[in-house]
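Okay, structure first, notes after.
Read the figures in this text as sums done on the coordinates, not as results from a lab. Not measured: the values here are computed from a predicted model. Neighbour counts are summed over all protein chains in view; Cβ atoms, including those assigned to glycine, are modelled from backbone coordinates with ideal geometry.
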Amino acid sequence: MDFGYLFTSTAGRINRAKWWVGSIILGVIGAILGWVFMRTPLLVLVVQLVLFYPAYAVHAKRFQDRDRQGILGIILPAWSLLGALFTTLGVWNPIEPGGLYWVYTLVMLAAAIWYLVDLGILKGTTGQNQYGPDPLGG
């Protein structure tokens, strides 16, 4: 597996297996670094910034495999980055959540479920599409 391509390019298509691998790797890295830096919101924001583009690249290629615009892959990473920014700026405190935090969390949950189903479960377009050849070779 070409991890350079997986995490740095938005061109082309990837299958579900590669999406799962990329998502799990980014999730584990994000969780570990988030836990390590959880007492310093600014460092959590920096981690989110560093992981933003690799997450977008993985999601974009998978959306393209589903014959959709890759820009849809920016929604979940951007929403996650927004949450880290709001925490850093003191808009909310996740320890004592308020109404805005819960609205944010519900939208994040809805987006995560959408990505899980659309990118992780549903089959990609069979054969060539506008974004390139079938990653499964079909």
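Annotations
- Relative contact order of the chain, defined on C-alpha pairs under 8 angstrom at six or more residues apart (%): 32
- The chain, helix-only ellipticity at 222 nm - DSSP H runs n ≥ 4, -39,500 (n - 2.57), divided by all residues, nearest 500: -20500 deg cm²/dmol
- Of all the options LEU72, LEU26, LEU122, the one that moves most in a Gaussian network model of the chain with Cα springs shorter than 10 angstrom is LEU122.
- Choice from LEU89, LEU51, LEU42 showing the highest fluctuation, given a GNM over the chain with Cα pairs closer than 10 Å: LEU89
- The trypsin sites (Lys or Arg not before Pro) found in the stretch 1-104 that occupy coil by DSSP, while having at most 15 further C-beta atoms within 10 Å, are ARG39.
- Whole-Hz ³J(HN,Hα) from phi, Karplus 6.51 cos²θ - 1.76 cosθ + 1.60, for the stretch 25-36, glycine and proline x: 4, 5, x, 5, 4, x, 5, 5, 5, x, 5, 4
- What the pair-distance distribution of the stretch 1-100 shows, using all Cα-Cα distances binned every 5 Å from zero, is 2, 13, 22, 21, 16, 12, 8, 5, 0 percent.
- Assigned charges on the beta-carbon of Lys, Arg, Asp, Glu; the chain dipole about Cα centre (debye): 160
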